[in-house]
There are 2 protein chains.
Amino acid sequence: MRQDTRLSRLLHVLLHMAQTDAPMTSQQIADMLGSNAVVVRRIMAGLRDGGYVEAERGHGGGWRITRGTEEITVLDVYRSLGSPDLFAFGFSNPRPSCLVEQSVNETIAESIDTATSAILEKFSTLRLSQIEAEVRERMQKT
Amino acid sequence: MRQDTRLSRLLHVLLHMAQTDAPMTSQQIADMLGSNAVVVRRIMAGLRDGGYVEAERGHGGGWRITRGTEEITVLDVYRSLGSPDLFAFGFSNPRPSCLVEQSVNETIAESIDTATSAILEKFSTLRLSQIEAEVRERMQKT
DNA sequence: ACATCATGTAATGCCTAAAGTTACACGACC
DNA sequence: GGTCGTGTAACTTTAGGCATTACATGATGT
């Protein structure tokens, strides 16, 4: 399977929205991402429901970020996507009768749980403002 | 995408093979996994090439483990699958011109790299014998 | 009013990789 | 030589992200 790129796309979009007061249309965002306006609306829906962005219709409408970049963590964005699976691997049978398979499952589950906790912990400390700061550094190097 | 269950399946199979001297046929393994003999041969190919198992043809043939369970780590098994992607998420554009996207990519990549190192490190310390020991504990509880 | 612009959403098809299936070649043992 | 097993290639199925089309809804401008 291909990889899920929604998280990085949302972060990308949010940071651009934070750089301007004017609302951005789904089409503008789609052009930015090399994607499609409908896809944009789909992945933005969770952010809207979470109150991180607002969408206005009609002339001059579009998407606007409603919080400061220091108020939004990567975890917030991840959750607004519905907390999709982080890992590409797992076990097939969730409740096996075979004892061996049970142990294997537990071993795998432990590794996944530990890694998941670590990543989500990291996501919870990562704020959009930090990525913003890194962008500024990157601009100075140019 | 659905999840990749090959790693847990291989571990399951290897532990069963370690419990008997008689070779196991692909069909027997497939029945055990609720899968297909051809699929079994496919996922076992890497283990065979890595020298962890041997396959014999004809009457009385089948698969046999060629190493002790304390000599095989989960990392060995993972590698014999060709080290498939561990994570279900990533970024779409590997070399974006947009500075914001570059920073987002780096942020995501850092998280993935850190977590990957941690998991592979964990895999390298996990030996089949340890899972075996846990199976024995599980049997006593029954 | 009404045309235009924008979001909201359903429905459909595309793409990719694991998994399942079919078919057949090769080799070993009875 | 028949049977049992692995080794592979080729095709189908499946699931989810992604792209596209179509249409409804609402807000703005003339």
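With open to solvent by 20 Å² or more (accessible area, probe 1.4 Å), β-branched (Val, Ile, Thr) and modelled with pLDDT under 95 as the only criterion, which of A:Thr125, A:Thr142, A:Thr114 stands out?
Details: A:Thr125 fails: modelled with pLDDT under 95; A:Thr114 fails: modelled with pLDDT under 95.
From the options A:Thr125, A:Thr142, A:Thr114, the qualifying one is A:Thr142.
Identify, please: which residue in region A:1-29 is within 8 Å of DNA strand D (Cβ to nearest atom) and assigned to a helix (DSSP H, G or I) and is, among those, farthest from B:Ala88 (Cα to Cα)?
Here is the first cut: in region A:1-29, the ones within 8 Å of DNA strand D (Cβ to nearest atom) are A:1-6, A:9.
Next, from what is left, pick out any that are assigned to a helix (DSSP H, G or I): A:6, A:9.
Numbers: A:Arg6: 11, A:Arg9: 14 Å.
Among them, the one singled out is A:Arg9.
Looking at region A:21-52, which of the residues that are touching a strand residue (DSSP E or B) at 6+ places or on another chain (Cβ under 9 Å) and within 14 Å of chain B (Cβ to nearest Cβ) is farthest from DNA strand C (Cβ to nearest atom)?
Residue satisfying both the conditions and the ranking: A:Met32.
Looking only at region A:94-111, which residues are of a type outside the set (Ser, Thr, Tyr) and open to solvent by 60 Å² or more (accessible area, probe 1.4 Å)?
Taking region A:94-111 and keeping what is of a type outside the set (Ser, Thr, Tyr), we get A:94-96, A:98-102, A:104-106, A:108-110.
Matches in region A:94-111: A:Pro94, A:Arg95, A:Glu106, A:Glu110.
Just to be sure before I move on: is A:Thr107 without any contact (Cβ under 8 Å) to a residue 24 or more places away in the chain, under 26 Å from B:Leu33 (Cβ atoms) and either within 21 Å of the chain's Cα centre (by Cα) or part of a strand (DSSP E or B) (or both) in the structure I sent?
no
If only one of A:Ala55, A:Ala18, A:Ala109 is among the aliphatic types (A, V, I, L, M) and within 15 Å of DNA strand C (Cβ to nearest atom), which one is it?
Values: A:Ala18 fails: within 15 Å of DNA strand C (Cβ to nearest atom); A:Ala109 fails: within 15 Å of DNA strand C (Cβ to nearest atom).
The conditions single out A:Ala55.
I'm told A:Glu70 meets every condition in (1) more than 9 Å from chain B (Cβ to nearest Cβ); (2) acidic (Asp, Glu); (3) farther than 22 Å from B:Cys98 by Cα except one. Can you identify the failing condition by its number?
For A:Glu70, the failing item is (3).
Could you tell me which residue of region A:68-90 is farthest from DNA strand C (Cβ to nearest atom), considering only residues that are assigned to a loop (DSSP other than H, G, I, E, B) and crowded, with 16+ Cβ neighbours inside 10 Å? Explain how you work it out, then say what you get.
Narrowing region A:68-90 to residues assigned to a loop (DSSP other than H, G, I, E, B): A:68, A:72, A:81-86, A:88, A:90.
From what is left, the residues that are crowded, with 16+ Cβ neighbours inside 10 Å are A:72, A:81, A:85-86, A:88, A:90.
Working: A:Ile72: 18, A:Leu81: 15, A:Asp85: 13, A:Leu86: 16, A:Ala88: 8, A:Gly90: 9 Å.
Filtering region A:68-90 for residues that are assigned to a loop (DSSP other than H, G, I, E, B) and crowded, with 16+ Cβ neighbours inside 10 Å, the one farthest from DNA strand C (Cβ to nearest atom) comes out as A:Ile72.
Only residues that are of a type in the set (Val, Ile, Thr) and touching an Asp or Glu at 6+ places or on another chain (Cβ under 7 Å): list them for region A:15-45, please. If you could, list the steps in order and put the result at the bottom.
Initial filter on region A:15-45 (of a type in the set (Val, Ile, Thr)): A:20, A:25, A:29, A:38-40, A:43.
Correct list: empty.
Does B:Arg136 fit the bill of being surrounded by fewer than 17 Cβ atoms within 10 Å (Cβ to Cβ), under 28 Å from A:Arg136 (Cβ atoms), away from DNA strand D (no atom under 16 Å from the Cβ) and not small (Gly, Ala, Ser)? Outline the logic, then answer.
Values: surrounded by fewer than 17 Cβ atoms within 10 Å (Cβ to Cβ): yes; under 28 Å from A:Arg136 (Cβ atoms): no; away from DNA strand D (no atom under 16 Å from the Cβ): yes; not small (Gly, Ala, Ser): yes.
No.
Where the second residue is part of a helix (DSSP H, G or I) and open to solvent by less than 50 Å² (accessible area, probe 1.4 Å) and the first is among the polar types (S, T, N, Q) and lies in region A:1-27, which pairs have Cβ atoms under 6 Å and are six or more apart or on separate chains?
Note: pairs meeting the criteria are A:Ser8/B:Val104; A:Ser8/B:Ile108; A:Ser26/A:Ala37; A:Ser26/A:Val40; A:Gln27/A:Ala37.
Hey, can you tell me all the residues within region A:92-105 that are at pLDDT 95 or above and at the interface with chain B (Cβ under 7 Å from one of its Cβ atoms)?
Residues satisfying the conditions are A:Leu99, A:Val100, A:Glu101, A:Gln102, A:Ser103, A:Val104, A:Asn105.
The values are calculated or read from the model by the stated rules, or taken from the named source; none is laboratory data. Fair warning: this is a prediction, and the values are worked out from it, not measured in the lab. Positions of Cβ are backbone-derived with ideal geometry, glycine not excepted, and every protein chain shown enters the neighbour counts. The protein model used for the area step is the full one, side chains on, heavy atoms only, and it has no ligands, DNA or RNA in it. Shrake-Rupley method; radii C 1.70, N 1.55, O 1.52, S 1.80 Å.
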